[in-house]
Amino acid sequence: MNKPVLAFDLYQKTIFLLKEQRKLFLDLGFVLAQIKNNQLYKQMGDGGFDTWRSFLANPEINISPSTADVYIKVYEFYIEKLKLPRKEVLEIPLVRLNMMKSKLESLDDEGKADLLSKAKTLSYNDFKIEAVYNGVEVIRPIKITKCLNCQKLIVKYDPNQICDCSGGLDITPYD
């Protein structure tokens with residue numbers, strides 16, 4: 001198979017798999033909401049699970065409570081509260097759906113429709129710019145990661161968000 005044909009096939013497969021992934025996020029959100037809201041985890045497994053967290057931590061499920069909460073909240077907000085058609089929700093990546101929830105609550109119907117349209121059609125970078133501009137997301141003043149070589153912290157900051165009058169950036173070792 002020549003490279004252009006392979007590239008096109010893989011591009012199409014990527015699009016298909018991303019759409020399938022979005023379906024799974026919504027389905028998982030529905031199922032987890034039923035289990036959590038009805039405390040069905042107490043009836044599952046060998047004798048049930050005492051808590052929601054213990055259910056999530058069991059080896060067969062093995063997801064963090066925060067991840068489960070994202071799936072649940074996205075499902076409940078967009079499908080149950082806003083009553084958006086599933087097909088429409090599936091057009092938007094999970095990270096954008098999660099990011100927009102609080103902003104959408106404060107918008108009128110026209111504003112909601114506009115933001116949802118942008119979430120579907122804009123590129124990743126254009127949506128990030130739009131999200132910051134419209135208050136959907138804030139620019140974080142500091143980003144902390146770990147160095148892959150030495151495992152020590154790497155601290156990056158936005159100089160436009162650091163005080164330049166009296167306090168400024170103070171990086172002082174502590175004991």
key: Principal axis dimensions, the range 3-139 - Cα atoms, whole angstrom, descending   = 50, 47, 30
query = R0 = 22 Å: FRET efficiency of Ile144 with Lys73, Cβ-based, nearest 0.05?
reply = 0.30
key: Given 14 as the ceiling on other Cβ atoms within 10 Å, longest exposed-site-free region of the chain for trypsin sites (Lys or Arg not before Pro) in DSSP loops   = 1-82
message = Quick check: residue separation of Tyr133 and Arg53 times 0.36 nm, minus the Cα distance between them. What number comes out in nm?
response = 25.1 nm
query = Where does the charge balance sit around Glu76 when Lys and Arg score +1, Asp and Glu -1, over other residues with C-beta under 15 Å from its C-beta?
reply = +2
note = For the chain, whose charge dipole is built from +1 on Lys and Arg Cβ atoms and -1 on Asp and Glu Cβ atoms, the candidate among Leu116, Phe8, Phe49 with its Cα farthest towards the positive end is Phe8
note = With x for Gly and Pro, the residue-by-residue ³J(HN,Hα) of the range 2-16, computed from phi through the Karplus equation 6.51 cos²θ - 1.76 cosθ + 1.60 at θ = phi - 60° and given in whole Hz, is 6, 4, x, 5, 4, 4, 5, 4, 5, 4, 5, 5, 4, 4, 4
key: Unit charges on C-beta of K, R, D, E only; dipole of the chain, Debye   = 460
query = Once amide H atoms are placed 1.01 Å from N in the peptide plane, what residues at a sequence separation of 5 or more from Gln39, or on another chain, have their amide H within under 5 Å of its amide H?
reply = none
query = Over the range 3-139, what is the mean sequence separation of C-alpha contacts under 8 Å (at least six apart), divided by residue count, expressed as relative contact order in percent?
reply = 19
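Read the figures in this text as sums done on the coordinates, not as results from a lab. In this text the structure is predicted, and so the values were computed from the model without any measurement. Reconstructed Cβ throughout: ideal geometry from the backbone, glycine too, with neighbour counts over all protein chains shown.
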